[in-house]
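The values are calculated or read from the model by the stated rules, or taken from the named source; none is laboratory data. None of the values given here were measured: they were computed from a predicted structure. FYI the Cβ positions are ideal-geometry reconstructions off the backbone, even for glycines, and counts take in every protein chain you see. Please note that ligands, DNA and RNA were not included when accessible areas were found on the heavy atoms of the full protein model with its side chains. Shrake-Rupley method; radii C 1.70, N 1.55, O 1.52, S 1.80 Å.
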Amino acid sequence: MGVLLQAFFFGPGKAHGVPSPLDGDKNIPFWWDHLATQAHAFRQSGFSAVWLPPALKGASGSFSSGYDVFDDYDLGSKNQKGTIPTRYGNREQLERCVAIMRANGIDVYVDLVENHRDGDDGHFNFQYVDAFGRAGKGRFAKGPLDFHPHVPEDPGVFSDQFSFGRDLAPINGQPPHHVFQGLVAAGDWLTRALDIQGYRLDDVKGVSTDFLLPFLNQVAMAGKFAVGEFFDGNIGLIQGWMNSMQHRSSAFDFPLRFKLQTMCNNPGNFNMADLDHAGLAGADPLGSVTFVENHDTDLNSPIVRNKMLAYAYILTSEGYPCIFYRDYSTDKHCFGLKPEIDRLIWIHEHLAQGPTVQRWKDLGVFAFERLGGQQLVVALNKDAGTSRKISIQTAFPANTALQDFTGHAQAVSTDAHGHLTLTVPKNANGLGYVCYARPTPITPFDAKGIPVTQDYEGASDLDIKPAVETESITICRVFVEAQQGIESELFFDTSHWTAATAVQLDLDGPDDTKVGGRSYDLSTVQGSPLSFKAKQRGFHTFRIQSVGVPANIPAPSFKLRVRYIAPQAL
């Protein structure tokens, strides 16, 4: 199933967010670049996907962590709320980050906030600048009737007790379908602009399932992975939401996380037998995204001791495990658990397969076996003061030699009946666990490059200018590996064109010299390609300009689709 990295945290400082040069220290890189620099290392450690924070411009500008979404069409490319880049960087840096992740074979999920918007004029009116910087001309403006309580609460909402901003009304908003269709169009644009593979859905308790289910099944969102934040310890409520979503989305396993928090922080009050098929993962492993910590729990109710014991559980159990960046990373203000987590990721990806059967459980020790693949026996001990010797039945054949892949214990063998006697070390700093399987080499993970396909739309009400006649418009810069192809397709609005009307598309290399170009007129088939093989590693720039446009359409809109392979590192 893979291993997911939550690739951000809410650290100390001026804002609840990652370090940013917008706080005043220009030596700090923007977060999109910081992640891109680590992409190859992430894949070498075994991560298969990363979860990025909300990418849209927030109401608090440079201080925004992204959850106070303001403009649905600003990825750090418009001058709004006192800044052009978001706290994490600009649109180009974000696109490059995604492309580099894909070049390493890593899927990219983005955090979607569909419950609310923030940053209005105080009266529920949202107006945005356009590609020319003109106020009030941007796409998807909103007014009071697009929000509760100006219209009734939408059906299919599980809870509206928390207000994180102006509460969107995609079902009951007026005029009908304005918010619904606007959010679908914006989600489609975002997905295509970045070429992302999935979504973390924020605060799904407050979002109508009558909206969210069709949203995930339309246009570019169709078929993409999704996981919802249904913040609740009640498994039945989470399953009720998943049923309402027709299991189109998985859910974060908060019930399991609350158990793990007690196990780590207060082991004396925890019965290790309660780990047997615990949480949502125990009831619906294919629908559960397991985790130990996230940005919210880290701020408000963190696990403060023995955290590795919890990671040992989620990385050997069923479910889709998510690792928290602050726990994993060796960055400043992070906890540096990378060496221990890396070994568990390897175990998860190579050994932890198939259904689970419990082999031992009492107040202090829980042991289980994964029956798929090469089979795996896992044992966890909560006691920091003493090790525990246990003898268990296994599905391994008689006299099978087994290796502990954590490095915490000696090799052992099953007896003539497939029984195994093993010692689980004391739980010093959360390291009271072992993982036994047949000896096999520990090999590195491959980083197989995947091309990225990103759409760039030029229109006056978006963030990229249309094809004006008086200016060569920079559409985008794409970061390409040397000796890799760049393939582009141009789609353009020919309304009111004459035989003298055309648009010129040019491609410049990293040294700013023209390396390709093509003219498109009324006779050109839509989507006709412009292709080039990059000779140098680096940014390649697409530019566009119109010629002979009629007075009633001085700037044709367009969409440029670009497919390329980025380098595996900055």
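One residue stands out among those in region 438-448 that are at pLDDT below 95 and among the charged types (D, E, K, R): the one that is most open to solvent (accessible area, probe 1.4 Å), which is Lys448.
Residue count for region 164-217 under the criterion of being in a helix (DSSP H, G or I), touching a Lys or Arg at 6+ places or on another chain (Cβ under 9 Å) and open to solvent by 20 Å² or more (accessible area, probe 1.4 Å): the result is 4.
Per-residue answers, yes or no, for (1) open to solvent by 10 Å² or more (accessible area, probe 1.4 Å); (2) within 30 Å of Arg343 (Cα to Cα); (3) of a type outside the set (Ser, Thr, Tyr):
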{"residue": "Tyr436", "(1), (2), (3)": "no, yes, no"}
{"residue": "Leu462", "(1), (2), (3)": "no, no, yes"}
{"residue": "Ala467", "(1), (2), (3)": "no, no, yes"}
{"residue": "Ile473", "(1), (2), (3)": "no, no, yes"}
{"residue": "Phe491", "(1), (2), (3)": "yes, no, yes"}
{"residue": "Thr494", "(1), (2), (3)": "yes, no, no"}
{"residue": "Trp497", "(1), (2), (3)": "yes, no, yes"}
{"residue": "Leu505", "(1), (2), (3)": "no, no, yes"}
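Considered as a group, the residues in region 101-118 that are of a type outside the set (A, V, I, L, M, F, W, C) and outside any loop (DSSP other than H, G, I, E, B) include one that is most open to solvent (accessible area, probe 1.4 Å), and that residue is Asp107.
Per-residue answers, yes or no, for (1) under 29 Å from Tyr456 (Cα atoms); (2) in contact with a strand residue (DSSP E or B) (Cβ under 7 Å, 6 or more places away or on another chain):
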{"residue": "Glu153", "(1), (2)": "no, no"}
{"residue": "Val157", "(1), (2)": "no, no"}
{"residue": "Asp167", "(1), (2)": "no, yes"}
{"residue": "Leu183", "(1), (2)": "yes, no"}
{"residue": "Ala186", "(1), (2)": "yes, no"}
{"residue": "Leu194", "(1), (2)": "yes, yes"}
{"residue": "Gln197", "(1), (2)": "yes, yes"}
{"residue": "Leu201", "(1), (2)": "yes, yes"}
{"residue": "Val204", "(1), (2)": "no, yes"}
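Ala384 meets the conditions (1) closer than 23 Å to Phe254 by Cα; (2) open to solvent by 10 Å² or more (accessible area, probe 1.4 Å); (3) not aromatic (Phe, Trp, Tyr) in every case but one. The failed one is (1). Selection of region 146-163 for residues being of a type in the set (A, V, I, L, M, F, W, C) and open to solvent by less than 60 Å² (accessible area, probe 1.4 Å) yields Phe147, Val151, Val157. Considering only residues in region 54-100 that are out of contact with any strand residue (DSSP E or B) (no Cβ under 8 Å at 6 or more places or on another chain) and free of Cβ contacts under 8 Å to residues at least 60 places away in the same chain, the one that is most open to solvent (accessible area, probe 1.4 Å) turns out to be Asn79. So for region 255-276 (the condition being more than 27 Å from Glu153 (Cβ to Cβ), part of a helix (DSSP H, G or I) and small (Gly, Ala, Ser)), does at least one residue qualify? Looking through region 255-276, at least one residue is more than 27 Å from Glu153 (Cβ to Cβ), part of a helix (DSSP H, G or I) and small (Gly, Ala, Ser). Considering only residues of region 387-427 that are part of a strand (DSSP E or B) and touching a His at 6+ places or on another chain (Cβ under 8 Å), which is least open to solvent (accessible area, probe 1.4 Å)? Checking each candidate, the answer is Ile392. One residue stands out among those in region 237-295 that are closer than 18 Å to Tyr313 by Cβ and of a type in the set (Val, Ile, Thr): the one that is most open to solvent (accessible area, probe 1.4 Å), which is Thr262.
Looking at Val424, Val377, Val452, Val365, just one residue is within 30 Å of Asp130 (Cβ to Cβ), touching a strand residue (DSSP E or B) at 6+ places or on another chain (Cβ under 8 Å) and β-branched (Val, Ile, Thr), and that residue is Val452.
Among the residues making up region 475-489, those that are more than 24 Å from Gly138 (Cα to Cα) and either open to solvent by 20 Å² or more (accessible area, probe 1.4 Å) or not small (Gly, Ala, Ser) (or both) are Val478, Phe479, Val480, Glu481, Ala482, Gln483, Gln484, Gly485, Ile486, Glu487, Glu489. Test Asp121 against the criterion of being crowded, with 23+ Cβ neighbours inside 10 Å, part of a loop (DSSP other than H, G, I, E, B) and out of contact with any strand residue (DSSP E or B) (no Cβ under 7 Å at 6 or more places or on another chain), and give yes or no. No, not satisfied. Looking at region 302-333, which of the residues that are basic (Lys, Arg) and assigned to a loop (DSSP other than H, G, I, E, B) is least open to solvent (accessible area, probe 1.4 Å)? Looking at the filtered set, the residue picked out is Arg305. In region 516-570, how many residues are surrounded by fewer than 21 Cβ atoms within 10 Å (Cβ to Cβ), among the polar types (S, T, N, Q) and outside any loop (DSSP other than H, G, I, E, B)? So the count comes out to 4. Residues of region 1-53 that are open to solvent by 10 Å² or more (accessible area, probe 1.4 Å), over 19 Å from Asn300 (Cα atoms), hydrophobic (A, V, I, L, M, F, W, C) and not in a helix (DSSP H, G or I): Met1, Ile28, Phe30.
Of all residues in region 472-502, those satisfying the criterion of being among the aliphatic types (A, V, I, L, M) and either over 14 Å from Lys559 (Cα atoms) or in contact with a Pro (Cβ under 6 Å, 6 or more places away or on another chain) (or both) are Val478, Val480, Ala482, Ile486, Ala499, Ala500, Ala502.
Give region 334-351 a look and list any residue that's open to solvent by 10 Å² or more (accessible area, probe 1.4 Å), touching a residue at least 12 places away in the same chain (Cβ under 8 Å) and not in a helix (DSSP H, G or I), or say none. Across region 334-351, the qualifying residues are Cys334, Phe335, Leu337.
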